[in-house]
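What follows is a short report on a single structure.
Nothing in this text is a laboratory measurement; each read-out follows from the coordinates by a stated rule. Owing to the predicted nature of the structure, the values given are computational and were not obtained by experimental measurement. As a convention, Cβ positions derive from the backbone with ideal geometry for all residues, glycine included, and neighbour counts pool all protein chains shown.
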């Protein structure tokens, strides 16, 4: 029997908090099995080894916020068979995409004494706006079990089993009483993609949208409920849609209605 | 004439994106730059206009490695602004969560990021090839930290969902907390083994006369509250922090550098600082382990920070076990905040050093101004000073070995560069 070379994995980071690539290292029980199955050819957070492509699979965390990043992601795309984006930054732009709703120069002045030293783009954008992406894994942060599922699927050339339904389904599966119906707590669950496991309602708070919009979300109806029955003001509703996935089209469009 | 340039464009095994540039001419160091090219993310700007209740979930996203530091700092600042004092059981639960973050972050750094340097390996995967059991044990220790975070933090360790201004959204049940006890007992033994292991490493012989700055608390090894204290006599409350410390936008490295006023002096935050300032507050078991590993009450060799981190893992495992054993469910999960216009300060010991927050909110509870000073910003000047000394002492090394030694010296600080609230892109001046 001939032994085949292990598939080569690269992990790259753009503008982000590091949390999604840390999720791979947080797979404590599975990490050594992963490193048995793939060769980690580039993963700066974990290794000094700096090997060039080509890669079989690349995981990308973070959004594109500088001209350098925009160039780098093109090079990475050319060097890999499959490119998977992980986390809200990579799939929608992340929290730093709040700059997309304002003039970034105003932000520069607030934070930096010498804005002229800084090189930044006007917007923070998802990877898929720059290159073709083979799969987008949502979450802020991603769910590590979903990460393992996606990696496994790509290594075995099958479709990842990642649901696109609403967070509400996870509450039902878990037996969590609906916080919005029972307690009048505003919850983005009805328009947010499942994936975290239904954490917030089980913790007695409303979902705040870490996994971004579900497939065909009815954001308008939910916003009406926040404004009507829950008596929220427009600013509060707008901010609810403007967090880690503010730049995801469905959330972006809804938030723009509440200026 | 010899002209040597040591360059690392992208530092490995640090959290976030950093780089290093050293220029030596005729055996004289001309330039040392520890650069940060993590792109700015403008947290302090977009926090303006957000509700004080939203801030902890947003600041968590500054760093995926130490989200608790950013949540707790902002929560305490808001509570400080609104005059909320949380009861003892809530305080204990917060410390328990923080212990989890320390265990997770320190175990990650000690075993996966820093130990490979001392063993001449590229990474922990190489280490697993020669000693799989050791790496498995390290991963279990790290997991116990994450398990603590999940138990207190509402089900996930990265960006936990359960922390709020006033307390917790839901307090864990007694059974949930007591379930952690057997693992914590194992973790204490594993921590002793860790101290013995890393205490036996070879350390480059370098000492620095640091100004150490850390939190100090009258009853405990300070983690989540205390006064800001230095080994040179400073002892202040949080509102005075900005009278004594500031940051500057330095052209030569293009990064905000923390300094102590007056005279823009560098200072050192993190394990060595905490250890020196709070040695007397260490658990007796942690103190005797430190002695066995050859540590005095002050450690000035930055390469020995790995041993101090190991001692701190033991300290927080002991703390966490005591809290878990005594845990009683609080009467109420949180105190309801009453909004008013105010200014508040918060500061906690992130695994890599003090992390300072200041917020001004209006009478609707919306943020008017935010200031966050992460630990790695504060250490930057000191890291460059260390590099200067490390390069001077190691001129005889080959470029490749000197480069590695410099990387190791940076990793001494476990720099968390992704705290890009206001770190800048590095631009190298070409000559």
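For region A:19-158, which semi-axes, largest first and in whole Å, follow from the square roots of 5 times the eigenvalues of its Cα gyration tensor? Could the numbers behind the result be given before it?
Details: eigenvalues 176, 49, 43 Å².
Computed over region A:19-158, the values are 30, 16, 15 Å.
Can you give me the angle between helix A:144-155 and the longest principal axis of chain A, using Cα atoms only, in degrees from 0 to 90, rounded to the nearest 10?
So the inclination is approximately 40 degrees.
Take every DSSP beta bridge whose two residues both sit in the protein assembly as shown, then give the antiparallel share in percent to the nearest 5.
70
Given points 7 Å out from each Cα along the Cα-Cβ axis, report the residue B:363 to residue A:36 separation in nanometres with one decimal.
6.6
For chain B, find the longest principal axis of its Cα atoms and tell me its angle to the long axis of helix B:375-393, 0 to 90°, nearest 10.
The helix B:375-393 is inclined about 20 degrees to chain B.
Taking the number of other C-beta atoms within 10 Å as the exposure measure, put B:72, B:112 in order starting with the fewest.
On the way: B:72 30, B:112 23.
By the 10 Å Cβ count, ascending: B:112, B:72.
What share of all Cα pairs of region B:312-376, in percent, falls into each consecutive 10 Å distance bin?
17, 26, 33, 22, 2
Only Cα pairs under 8 Å and at least 6 apart count here; give the relative contact order of chain B as a rounded whole percent. Don't jump to the answer; show the numbers that get you there.
Working: 873 pairs, mean separation 116.4, N = 431.
Relative contact order of chain B: 27 percent.
Between region A:196-242 and region B:136-208, how far is it from one alpha carbon centroid to the other, in angstrom?
So the two Cα centres are separated by 32 Å.
Which order do B:196, B:33, A:4, B:23 fall in if you start with the one that has the fewest other Cβ atoms within 10 Å?
On the way: B:196 14, B:33 20, A:4 6, B:23 17.
Placing the least packed residue first, the sequence is A:4, B:196, B:23, B:33.
Taking beta carbons within 10 Å but only from partner chains, what does the mean come to for residues A:195-204? Intermediate values should be presented prior to the final figure.
Values: counts 0, 5, 2, 1, 8, 6, 1, 6, 12, 8.
Rounded to a whole number, the mean comes out at 5.
Nearest 500 deg cm²/dmol is fine: what mean residue ellipticity at 222 nm does chain B get from its DSSP H runs of n ≥ 4 alone, each adding -39,500 (n - 2.57), divided by its residue count? Show your work: numbers first, answer last.
Details: 15 runs with 178 residues, N = 431.
Roughly -13000 deg cm²/dmol at 222 nm, from the helical runs in chain B.
I'd like the FRET efficiency for residue A:52 and residue B:186, computed as 1/(1 + (r/R0)^6) with the beta carbon distance as r and R0 of 45 Å, rounded to 0.05. Display every interim value, and only then the final one.
Details: r = 41 Å, r/R0 = 0.92.
Efficiency for this residue pair is about 0.60.
Determine the shielding of peptide A:133-142 by partner chains: average, over its residues, the number of Cβ atoms on other chains within 10 angstrom of each Cβ.
The shielding value for this peptide is 2.
Which angle from 0 to 90°, rounded to the nearest 10, does the C-alpha axis of helix B:132-153 make with the longest principal axis of chain B?
Helix B:132-153 sits roughly 30 degrees off the main axis of chain B.
Hey, how much of the P(r) for region A:167-256 falls beyond 20 Å, as a percent of Cα pairs? It would help to have the intermediate numbers written out before the result.
Working: 1087 of 4005 pairs.
For region A:167-256, the fraction of Cα-Cα distances above 20 Å is 27 percent.
First check a/c for the protein assembly as shown, with a ≥ b ≥ c the square roots of the eigenvalues of its C-alpha gyration tensor; if it is under 1.5, answer rounded, and if not, answer prolate when a/b is larger than b/c or oblate otherwise.
On the way: a/c = 1.32, a/b = 1.19, b/c = 1.11.
Since a/c stays below 1.5, the shape of the protein assembly as shown is classed as rounded.
Could you work out how much longer the chain between residue A:77 and residue A:109 gets when fully extended? Use 0.36 nm per residue separation minus the Cα distance between them, nm to one decimal.
On the way: separation 32, 0.36 × 32 = 11.52 nm, distance 3.41 nm.
Length difference between fully extended and current span is 8.1 nm.
If each DSSP helix of 4+ residues adds -39,500 (n - 2.57) and the sum is divided by the residues in chain A, what number results at 222 nm, nearest 500 deg cm²/dmol?
On the way: 12 runs with 93 residues, N = 259.
Dividing the helical sum by the residues of chain A leaves -9500 deg cm²/dmol.
Starting from the Cα of residue B:27, move 7 Å in the Cα-to-Cβ direction to define the label point; list residues of region B:385-414 whose amide nitrogen is under 14 Å from there.
Counting backbone N atoms under 14 Å from the label point, the list is B:392-397.
By how many nm would the segment from residue A:236 to residue A:68 grow when fully extended, if each residue of separation counts as 0.36 nm and the alpha-carbon distance is taken off? Before the final figure, lay out each step's value.
Working: separation 168, 0.36 × 168 = 60.48 nm, distance 3.54 nm.
Roughly 56.9 nm would be gained on extension.
Taking the Cα centre of each part, how many Å lie between region B:347-393 and region B:237-292?
10
Take every DSSP beta bridge with both residues inside region A:8-155 and express the antiparallel ones as a percent of the total, to the nearest 5. Walk me through the numbers on the way to the answer.
Values: 2 of 20 bridges.
If we restrict to bridges inside region A:8-155, about 10 percent are antiparallel.
For labels at residue B:53 and residue A:119 in the simple 7 Å Cα→Cβ model, what's the distance in nm?
4.3
Of B:19, B:191, how do they rank once you tally other Cβ atoms within 10 Å and put the fewest first?
Numbers: B:19 18, B:191 26.
With the sparsest Cβ surroundings first, the list reads B:19, B:191.
Averaged over A:10-23, how many beta carbons belonging to a partner chain fall within 10 Å of each residue's beta carbon? Before the final figure, lay out the partial values.
Values: counts 0, 0, 0, 6, 3, 7, 9, 18, 16, 11, 2, 3, 10, 4.
The mean count of partner-chain Cβ atoms within 10 Å per residue comes to 6.
Based on alpha-carbon atoms only, what is the radius of gyration of chain B relative to the globular estimate 2.2 N^0.38 Å?
On the way: Rg = 21.0 Å, N = 431, 2.2 N^0.38 = 22.1 Å.
The reported ratio for this selection is 0.95.
Taking the alpha-carbon centroid of each part, what is the distance from region A:1-73 to region B:23-43 in angstrom?
Rounded to whole Å, the Cα centres lie 26 Å apart.
Which distance in nm do the two modelled labels at residue B:394 and residue A:102 give, with both placed 7 Å along the Cα-to-Cβ direction?
4.3
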